[in-house]
1. So how much slack lies between A:Tyr80 and A:Thr224, counting 0.36 nm per residue of separation and subtracting their Cα-Cα distance, in nm?
2. Taking θ = phi - 60°, what integer Hz values does the Karplus form 6.51 cos²θ - 1.76 cosθ + 1.60 yield along segment B:243-249, in sequence order, with x for Gly and Pro?
3. Tell me, what is the FRET efficiency for A:Ala90 and A:Lys40 to the nearest 0.05, using R0 = 56 angstrom and their Cβ-Cβ distance as r?
4. By its C-alpha gyration tensor, with a ≥ b ≥ c as the square roots of the eigenvalues, how is segment B:338-433 shaped: rounded for a/c under 1.5, else prolate for a/b larger than b/c, else oblate?
5. First select every other residue whose beta carbon is under 13 angstrom from the beta carbon of B:Val149; then total the charges, Lys and Arg +1, Asp and Glu -1.
6. Cut-off is 10 Å between beta-carbons; in what order do B:Cys289, A:Cys415 appear when sorted fewest neighbours first?
7. In a solvent-free Debye calculation with one equal scatterer on each Cα, what is log10 I(q)/I(0) for the protein assembly as shown at q = 0.04 Å⁻¹, listed in the order of the q values?
8. Going out from 0 in 10 Å bins, what whole percent of all Cα-Cα distances in segment B:32-80 drops into each bin?
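Throughout, read-outs are computed from the coordinates displayed, never taken from laboratory work. This is a predicted model, so every value here is computed, not measured. Cβ placement follows ideal geometry from the backbone for every residue including glycine, while neighbour counts extend to all protein chains displayed.
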Amino acid sequence: MLFASRSFCCRGVKAYQLRTDLLSRSIKLSASATMAFRHKNTRRIEGIDSNVWVEFTKVAADPSIVNLGQGLPDISPPSYVKEELAKAAAVDRLNQYTRGFGHPSLVKALSQVYERVCGREIDPLTDILVTVGAYGSLFSTIQALIEEGDEVIIIEPFYDCYEPMVKMAGAKPVFIPLRYKNGGNPASSADWVLDPAELATKFNSKTKAIILNTPHNPIGKVFTREELQVIADLCIKYDTLCISDEVYEWLVYKGNKHIKIATLPGMWERTITIGSAGKTYSVTGWKLGWSIGPQNLIKHLQVVHQNTLYTCPTPLQEALAQAFWIDYKRMDDPDCYFYSLSRELESKRDRMAQLLQEAGLKPVIPDGGYFMIVDVSALNVDLSDGDEKQPYDYEFVKWMIKSKKLSAIPLSAFCGPETKRQFEKYIRFCFIKKDSTLDAAEVILKNWNKQPA
Amino acid sequence: LSLSLQAKMSRPVQARRLEGIDKNVWVEFVKLAATYSTVNLGQGFPDFPPPDFLKEAFVRALSGENHMLHQYTRAFGHPPLVKILAQYFGKLLGRDLDPMTNVMVTVGAYQALFCCFQAFVDEGDEVIIIEPFFDCYEPMVKMAGGMPVFVPLRPKAPKDGKLMSSADWQLDPAELASKFSERTKAIVLNSPNNPLGKVFSRGELELIADLCVKHDVLCISDEVYEWLVYDGKEHIRIASLQGMWDRTVIIGSAGKTFSATGWKVGWTVGPNRLLQHLRTVHQNSVYHCATVAQEAVAQGFQRELELYGKPESYFIQLPKELQQKRDWLVQSLDAVGMKPIVPEGTYFLVADISEFKSDVPDVPDSDEPYDSRFAKWMVKNKGLAAIPLSAFYCGAHKNNYNHFIRFCFAKEEATLKAANDILQKWKLEKTSP
């Protein structure tokens with residue numbers, strides 16, 4: 001018996017809750033009627049079922065909330081990108097399967113763009129794998145090259161999926177935090193650094209890989225050549241791989257340069273560099289990413305890919321290829337989207353920073369990426385009657401969503417167990433938002449102290 | 001260098017889970033078809049477009065006012081899509097489905113299969129696979145550390161004068177029962193079956209269901225060809241049988257349903273206590289699926305729900321068209337002496353090429369199965385691409401049925417005509433001195 005169809009039209013959370021309650025009751029009834037059910041999850045997914053996004057994106061889905069939490073643009077992708085997708089979808093053949101490891105025109109375009117950036121030859125068929133988002137590249141890389149007995153170094157704070165992915169591969173994550181080096185005023189992402197001596201202690205003969213994220217999410221740090229050299233030296237000394245998540249590679253602000261660790265001596269042969277169409281073209285919903293590296297590593301990622309989802313969607317890949325050709329041709333031109341987006345975001349960054357400073361907060365100004373972290377201690381919000389087991393920033397964000405109608409992401413979501421308390425006064429804002437969204441945020445921040453806590 | 005570092009450097013760089021799963025028949029045959037074929041009846045995809053209503057929905061989604069359709073949607077499935085899937089499959093199964101917990105969208109049915117094996121198969125678990133099988137089941141089970149256990153469909157001789165049907169390939173009940181052990185975690189069912197086109201009957205499904213219930217085994221039910229059934233046959237969903245809903249994950253595919261294989265939109269339907277684990281795998285592997293295609297597929301299903309059972313329904317029109325194409329190809333093959341096994345479903349057809357063996361002499365002690373060599377020779381010399389049946393058998397059984405090749409008939413009339421021309425010419429060459 002089906003429920004009345006109106007419950008499907010209603011988008012309120014209540015309707016779903018009602019249905020879930022009724023369903024779970026019916027499950028309990030049928031479960032008691034059948035024999036004991038022994039099928040639980042496999043060991044590989046033990047303990048990795050919870051996920052910060054599932055929790056916070058649900059809460060922020062309410063349209064009355066100004067959403068600066070999850071990292072997705074609410075600005076439109078460039079029109080030529082959408083046009084290319086329409087063109088691709090009109091070609092019959094492009095609605096059917098394409099080459100598993102990456103649509104030919106796309107891997108060709110990627111090889112051209114990255115040959116130019118890296119200054120080396122990149123074979124489109126053997127040195128590139130197209131994946132479902134950079135997320136898919138991270139998964140393919142870790143499944144291909146990491147296993148039980150391995151250790152993988154993760155720099156904190158980290159994009160949250162690194163830890164569960166390493167665990168799912170049976171390996172041990174080894175954490176090292178970026179530490180705040182008291183320097184200039186206001187605080188910059190450049191002030192957050194690795195201690196080279198501390199980093200060296202994390203490497204040993206079991207270390208299979210280190211995961212690098214530059215520009216860095218959530219802090220926005222753009223690792224300098226010197227900082228990359230420290231990491232590279234250790235990778236070479238310990239014969240370690242480097243998984244370099246560079247999805248924000250084009251989003252670097254004035255005075256900074258994105259450097260690919262794979263271009264440092266001795267690093268190409270041990271590095272997988274990961275990129276993202278979603279972040280490059282403001283199309284996170286296209287879920288296309290890529291891994292670039294030497295054939296003897298990429299071939300293993302390709303094996304994972306052919307045994308997990310085999311091929312990525314065709315029309316999206318074709319459209320992306322065409323968009324890349326358009327921008328490849330103007331890589332010497334300031335109008336190239338890779339640079340124009342960066343300029344657009346820099347002014348949003350500056351505006352975001354100003355809003356937070358005027359509210360009495362101390363944001364960490366990012367050198368890259370589209371996130372900004374801020375210490376909320378100065379707001380003195382008393383949450384002592386909340387859940388003591390939850391870090392302060394989790395409670396703070398939940399409270400802020402409820403009472404201020406503004407969302408962010410708690411920084412402890414990006415930390416390993418030892419470091420959560422270190423970062424629990426920080427929250428992360430996303431600023432790749434249209435002006436009206438930032439205007440709405442401004443109103444909330446300006447009125448912060450006028451409303452009762 | 002320390003000894004342990006030396007040891008590390010001499011180890012292979014790749015993880016052990018990749019052992020034995022690096023080969024893939026498609027990589028080779030797709031390349032051969034691309035290089036040599038003039039008529040490609042090999043890899044399974046239509047050479048006709050998706051229906052207009054679906055293409056229009058895609059264009060509306062990508063160019064509409066709501067540019068947020070180019071951004072992340074809900075990770076476990078775009079709300080309009082999971083809602084309509086819950087509605088549609090709820091109707092088919094006679095069950096109330098919660099779109100949030102009983103449905104999960106995946107990157108094609110392929111990724112749905114991957115999630116199932118990763119979620120449920122641990123080291124040492126056995127998974128029963130019915131041969132011939134869609135080739136990815138075996139490496140996926142191995143990658144999850146499981147042990148595939150094979151049981152073949154065995155051909156029964158057709159009645160005198162009749163062409164063999166996919167229905168003539170059957171499981172031996174006693175043999176099937178012997179494959180279930182304490183270590184059996186799951187059985188993979190594919191109905192309608194690729195490559196044979198077999199549509200499992202109610203009796204055959206009950207046989208499998210009884211064993212699943214008796215041994216408390218999960219059923220991973222790959223039903224991507226669910227709409228492609230011919231001759232008035234019914235596709236029966238094993239999850240609707242007694243005791244099966246609680247232990248079955250149903251897998252479907254927009255690619256096959258709507259002739260849009262390049263969109264890579266698939267789904268799983270099942271009880272929350274199974275799907276929750278698929279969600280865990282999904283959120284730790286790809287996390288989101290592309291939004292625009294999901295929006296378009298949702299609209300496609302909305303249209304189909306409104307036209308349910310009516311002659312204009314794509315789910316009624318497509319099998320009708322494909323049945324004609326099937327009959328056409330059956331005729332073509334029969335006329336030249338290749339013996340087709342008439343499929344009850346899917347868009348694949350397997351034919352016995354024994355009468356053409358003289359063209360490709362046997363090579364004793366060859367590692368390669370005969371049909372594989374035959375298919376390669378055929379594409380290079382005749383320009384006609386097909387896939388050897390041995391591709392759908394495990395290594396140990398590749399020579400059990402090595403004189404069959406699989407054709408895909410989801411092709412325009414012109415393509416099938418061209419195939420017929422090649423076959424006719426070939427036959428003439430064989431019979432003339």
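1. Values: separation 144, 0.36 × 144 = 51.84 nm, distance 3.35 nm.
Additional length available on full extension: 48.5 nm.
2. Computed from phi, the couplings for segment B:243-249 are x, 9, 3, 5, 10, 10, 10 Hz.
3. On the way: r = 47 Å, r/R0 = 0.84.
Approximately 0.75, to the nearest 0.05.
4. Values: a/c = 2.02, a/b = 1.17, b/c = 1.72.
Taking the square roots of the gyration eigenvalues as a ≥ b ≥ c, segment B:338-433 is oblate.
5. Within the 13 Å Cβ shell, the charges total -2.
6. Working: B:Cys289 32, A:Cys415 25.
Ranking B:Cys289, A:Cys415 by Cβ neighbours within 10 Å, fewest first, gives A:Cys415, B:Cys289.
7. Here log10 of I(q) over I(0) equals -0.18.
8. 19, 30, 25, 22, 5
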